[in-house]
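The values are calculated or read from the model by the stated rules, or taken from the named source; none is laboratory data. Just so you know, these numbers come straight off a predicted model, no measurement behind them. Cβ placement follows ideal geometry from the backbone for every residue including glycine, while neighbour counts extend to all protein chains displayed.
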Amino acid sequence: MREPIVIAHRGASGYRPEHTLASYRLAIALGADYVEPDLVSTRDGVLVARHEAEIGRTTNVARRGEFADRLTTKEVDGREMTGWFVEDFTLAELKTLRAVERLPELRPHNTRWDGRYDVPTFDEILGLVAAESERLGRPIGVYPETKHPAYFAELGLGLEEPLLDALALHGYGGPDAPVFIQSFEPAGLQWLRSRTGLPLVQLVGVTGRHGRPSDLVTSTGLRRVAGWADAVGVDKDLVLPRHPGLGTIGEPSPLVADAHAAGLLVHVWTMRDENAFLPTGYRRGESPSDPGDSIEETQAFLDAGVDGLFTDHPDTTLEARRLQASGIRTQAAM
């Protein structure tokens, strides 16, 4: 049985501003099996890595006076957003911006890297991964997500075709390539399924777009998902639900067993070290930014049988996996 994979969520984003080559490079150095870029499109159709279409929170664009007139309000996936949007910039313009930490209140140590790195293209990320794979003598996978694919398609900037073209150009077109392609939107994955044999991942949050629980994680829904995907990438609370009002985790839900019965892998998101993201039983110290016992939390998900874990802190998650494989439990759990 293959050990669960560790996916560096936007790179080693607990240590460097997310979606920068520095973040991906560090994630690889720490031993991550895969790196995960979220992909959006520039005005001239180039795929770049950003958390979402709005780039005000992840770049210094707000401090660039020459782009002040591009501040606007748009509706993206049913949600009104005000800011600066990647599709209003050419690649050349975007490359003049610099990345900043998206969560400075929780990760003030990351702000020392603000302004040092530009916004990478998907092509640059694939080039980095190939170079590091060769240098280290081990395969490093890529796990791209198409962000807002329907939104970009309406703008004439569809994400799926350039994604497949870039993967093929870098030698990731075969069925054994270390690639997963993920999306929240079934339609985009269904289109991809008709055009590629690469593994596809249906992302599912605790609630769907309209605020209701998603039917995709029921046993019937998972069997439907198996018609167009090879795995589900789910909010971790769907696997180990938290007790309402307490914040502690309870018994595993049937999701992992139901997904496996449908022939789907289960990857959970997102493991993070900071107390703010941990169930109360794993928090240590008083500050939301203090590191808690994410190793014990990760071992609980490994016990639940997940096949992969997205993480902002690859070293912590890898250590939890190593300890689990060695039969060693953390002291706090004993």
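Among the candidates ASP258, ASP230, the residue that is of a type in the set (D, E, K, R) and in contact with a helix residue (DSSP H, G or I) (Cβ under 9 Å, 6 or more places away or on another chain) is uniquely ASP258. Taken over the stretch 54-108, the criterion of being in a helix (DSSP H, G or I) and of a type in the set (A, V, I, L, M, F, W, C) is satisfied by VAL61, ALA62, PHE67, ALA68, VAL86, LEU91, ALA92, LEU94.
Among the residues of the stretch 49-92, those that are of a type in the set (D, E, K, R) and in contact (Cβ under 8 Å) with a residue 40 or more places away in the chain comprise ARG50, GLU52, ARG57, ASP77, GLU87, ASP88. Among the residues of the stretch 55-77, those identified as farther than 18 Å from GLY115 by Cα and either of a type in the set (D, E, K, R) or in contact with a His (Cβ under 8 Å, 6 or more places away or on another chain) (or both) are ASP69, ARG70, LYS74, GLU75, VAL76, ASP77. Tell me, please, whether a residue that is under 22 Å from the mean Cα position of the chain (by Cα) and of a type in the set (Phe, Trp, Tyr) can be found in the stretch 306-327. The answer is yes, given that some residue of the stretch 306-327 is under 22 Å from the mean Cα position of the chain (by Cα) and of a type in the set (Phe, Trp, Tyr). One residue alone among GLY233, GLY221 is surrounded by 16 or more Cβ atoms within 10 Å (Cβ to Cβ) and more than 25 Å from VAL6 (Cβ to Cβ), and that residue is GLY221. Considering the stretch 1-20, the residues that are touching a Gly at 6+ places or on another chain (Cβ under 7 Å) and aliphatic (A, V, I, L, M) include one that is nearest to THR111 (Cα to Cα), namely ILE7. Please pick out the residue among LEU246, LEU240 that is aliphatic (A, V, I, L, M), within 25 Å of ALA276 (Cα to Cα), assigned to a loop (DSSP other than H, G, I, E, B) and modelled with pLDDT of 95 or more. Among LEU246, LEU240, only LEU240 is aliphatic (A, V, I, L, M), within 25 Å of ALA276 (Cα to Cα), assigned to a loop (DSSP other than H, G, I, E, B) and modelled with pLDDT of 95 or more.
Only residues that are surrounded by 14 or more Cβ atoms within 10 Å (Cβ to Cβ), assigned to a helix (DSSP H, G or I) and of a type outside the set (D, E, K, R) were counted in the stretch 112-142, giving 9. Among the residues of the stretch 23-35, is there at least one that is over 30 Å from HIS260 (Cα atoms), surrounded by 20 or more Cβ atoms within 10 Å (Cβ to Cβ) and of a type in the set (S, T, N, Q)? For the stretch 23-35, residues over 30 Å from HIS260 (Cα atoms), surrounded by 20 or more Cβ atoms within 10 Å (Cβ to Cβ) and of a type in the set (S, T, N, Q): present.
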